[in-house]
Amino acid sequence: SAQITGFTKEEVMGKDLVRRFITSDYQDAVGEVLRKALAGEETANFEFPLYTKDGERVEVLLNATTRRNAHGSIMGVVGVGQDISARKSAETRSTLLASDLRLLIDNANAPIIGIDEFGCVTEWNLKAAQITRYPKEEVLGRYLVREFIIDEYKVAVNNVLHQALQGRETDNFEFPFITKDGERVEVLLNATTRRDTAGKIYGVVGVGQDITELKKGQAELTRVANDLQLLIETANAPIFGIDADGLVNEWNRKMGEITGFVKEEVMGRSLVADFISDDYRAPVKEVLENALLGLQTDNYQVPLFTKSRERVELLLNATSRVDASGSIVGVVGVGQDITAIKQSQAELTRVANDLQLLIETANAPIFGIDTNGLVNEWNRKSAQITGFTKEEVMGKDLVRRFITSDYQEAVGEVLHKALAGEETANFEFPLYTKDGERVEVLLNATTRRNANGSIMGVVGVGQDITVMNHSKIQLSRVANDLRLLVETANAPIFGIDAKGLVNEWNYKAAQITGYDKQEVMGRDLVREFITSEYQEAVAEVLRKALVGEETANFEFPLYTKDGECVDILLNAATRRGPDNAIVGVVGVGQDMTELNREKAEMA
């Protein structure tokens, strides 16, 4: 007693125990125990505090025993105690810990449930009540599996709990609860074996996590992922992927269709080494390596070889592929098969080159101007006939620099119309050569348009008609000379068309017959100017000439306007047009009237 209180025996002997050494709040209780013992009513295991000499509190577990003399008379009380301060402190700590744990369990943001060895609910915290809509009072003592787990999961959940009751705990077990409202709640559960202080298993505690929204999110992500995978697989564009080592890990149906290699044939193989032509391996590898470093490339042309060793052109967008943490794990290439376009471009280029060569080597002058009237086309023939080389005229104003002043306005108008879409054919105008000579050009001005149909200039395809015009002038002079000769000839000359109507009647014919040219043009020669007895013979001569059979020295009479008879010796010649087709007859005659009279008189 002296040891635990610090008071020596001498200091306490004869002193009032309760008043001097018991705390005021326990004096009545301790006094009562001692009074009872003095009355013969002993008390066991009574707890009370003593304060030491130093003022510290000591917890004592007391057995108060009545003390008697030899005659059995009560003479006092003997208290046999036990210092339980350490134990009380431990119990207090345990109580506080248990209280804290209880508070933690009840208020945890995770559902916590417990069952006993029979599977009946013994633990059901606020979160469990919140997510299931069942309050604690409704579930305690009820069978967890039987009453709160859906049928298809009863066996699986029961098996997990049974194993925990055997000491085999389970982590991250997913199962659904059905709430009081009939909704499904997904729970991720850790099933922990529950033991008493002796280590004996007396139940299971399950600490869970409500993963309903997470599962919905996962389901949505799965749906989106499946949709994207289906989109990739069925896309009408070729899509492939490689991993960080350049090995194929994505190959959609369109890639298989284009290359002839099915997915199973390419997966895990090196894209560059196995499917890219030698001359493109280095640049394609660089593009893919850049994408693996995060440097993406758009619209890069990649040639692939098909299974049949044909070349396929892809227009590729190389995109870095990242995992959930944002790390680059590969490359996805989304392409467009431009093989046909490339072939078409090559064909268009060939045709364009052919047309350019045709324009350049054409035997007709071809030139072009832009919308400002500046020369942008000048072929070899244009250079040849004008003496100006292509280099000398390109970018120069065609009308102002190369057209004579008297034709500038007319040519400008033709080109202006063509720039508005109104084309002109067979327009004649003169060009002056470098040497100052005049060249006559017959021009077709054609509107020039780009691929969108917008007008971008004019192309002029011409013909050098200088010689032809000289010939026309010469022919015109000859024709005029002949016309003058016919008109002033001292022999009567007439002509008819294919219908026998007069279309030629010279001065001598008018003089002999008395009919001037205006009176006979367009009238029937035979019916109106030949005597009836000679009409048939003359008509026969003319018919023969109209089929190419000419007649010389045919004599027939004509009647003059005054009714006199004139004898004509006729040469009937077939008349032909420029295409050599017969268009009529020309008759060159001789007036035989006087000669015939003289012959008659002599006879």
Quiz item: So which pairs qualify, if the first residue must be in the stretch 360-386 and open to solvent by 40 Å² or more (accessible area, probe 1.4 Å), the second must be among the aliphatic types (A, V, I, L, M) and assigned to a helix (DSSP H, G or I), the Cβ gap must be under 7 Å, and the two must be at least 6 apart or on different chains?
Solution: Thr371/Leu419
Quiz item: If Lys216 satisfies every condition in (1) at pLDDT 80 or above; (2) closer than 30 Å to Glu138 by Cβ but one, which is the exception?
Solution: (1)
Quiz item: Considering only residues of the stretch 405-431 that are aliphatic (A, V, I, L, M) and loosely packed, with under 13 Cβ neighbours inside 10 Å, which is nearest to the chain's Cα centre (by Cα)?
Solution: Ala420
Self-check item: Checking Ala108 against (1) open to solvent by 40 Å² or more (accessible area, probe 1.4 Å); (2) at pLDDT below 70; (3) over 30 Å from Gly40 (Cα atoms), the condition it does not meet
Solution: (1)
Quiz prompt | One residue from Glu257, Glu286, Glu233, Glu265 being under 14 Å from Asn317 (Cα atoms) and open to solvent by 30 Å² or more (accessible area, probe 1.4 Å) | solution = Glu286
Quiz prompt | Filter result (assigned to a strand (DSSP E or B), open to solvent by less than 30 Å² (accessible area, probe 1.4 Å) and not aliphatic (A, V, I, L, M)) within the stretch 171-210 | solution = Phe175, Pro176, Phe177, Glu186, Thr193, Gly203, Gly206, Gly208
Exercise. Sort out which residues of the stretch 304-338 are among the small types (Gly, Ala, Ser) and either exposed (fewer than 12 other Cβ atoms within 10 Å of the Cβ) or at pLDDT 80 or above (or both), and write them in order of number.
Key: Ser308, Ala318, Ser320, Ala324, Ser325, Gly326, Ser327, Gly330, Gly333
Quiz item: Between residues in the stretch 449-461 that are under 15 Å from Gly373 (Cα atoms) and in a strand (DSSP E or B) and residues that are open to solvent by 40 Å² or more (accessible area, probe 1.4 Å) and at pLDDT below 85, which pairs lie under 6 Å by C-beta distance while being six or more apart or on different chains?
Solution: Met456/Asn450
Quiz item: Does any residue in the stretch 139-150 that is in contact (Cβ under 8 Å) with a residue 12 or more places away in the chain come within less than 8 Å, Cβ to Cβ, of a residue that is among the basic types (Lys, Arg) and assigned to a helix (DSSP H, G or I) six or more places away or on a different chain, and which pairs are these?
Solution: Val145/Lys154; Arg146/Lys154
Exercise. Pull up the stretch 290-303, narrow it to residues that are out of contact with any helix residue (DSSP H, G or I) (no Cβ under 9 Å at 6 or more places or on another chain) and open to solvent by less than 90 Å² (accessible area, probe 1.4 Å), then point me to the one that is farthest from Gly256 (Cα to Cα).
Key: Gly294
Self-check item: Residue among Lys434, Lys396 that alone is of a type in the set (Lys, Arg), over 20 Å from Ile465 (Cα atoms) and open to solvent by 50 Å² or more (accessible area, probe 1.4 Å)
Solution: Lys396
Quiz item: Would a scan of the stretch 579-589 turn up a residue that is at pLDDT below 85 and touching a Gly at 6+ places or on another chain (Cβ under 7 Å)?
Solution: no
Quiz item: Do we have any residue at all in the stretch 121-142 that's assigned to a loop (DSSP other than H, G, I, E, B), open to solvent by less than 60 Å² (accessible area, probe 1.4 Å) and under 14 Å from Val205 (Cα atoms)?
Solution: yes
Practice problem: For residues that are touching a residue at least 60 places away in the same chain (Cβ under 8 Å) and either outside any strand (DSSP E or B) or of a type in the set (A, V, I, L, M, F, W, C) (or both), tally how many sit in the stretch 578-603. | Solution: 5
Quiz prompt | Within the stretch 143-169, considering residues that are among the aromatic types (Phe, Trp, Tyr) and in a helix (DSSP H, G or I), the one most open to solvent (accessible area, probe 1.4 Å) | solution = Tyr153
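The values are calculated or read from the model by the stated rules, or taken from the named source; none is laboratory data. Here the structure is a predicted model, which means the values were calculated and not measured. For neighbour counting, all protein chains shown are included, and Cβ atoms are generated from backbone atoms with ideal geometry for every residue, glycine included. Heavy atoms of the whole protein, side chains included, go into the accessibility calculation; ligands, DNA and RNA do not. Shrake-Rupley method; radii C 1.70, N 1.55, O 1.52, S 1.80 Å.
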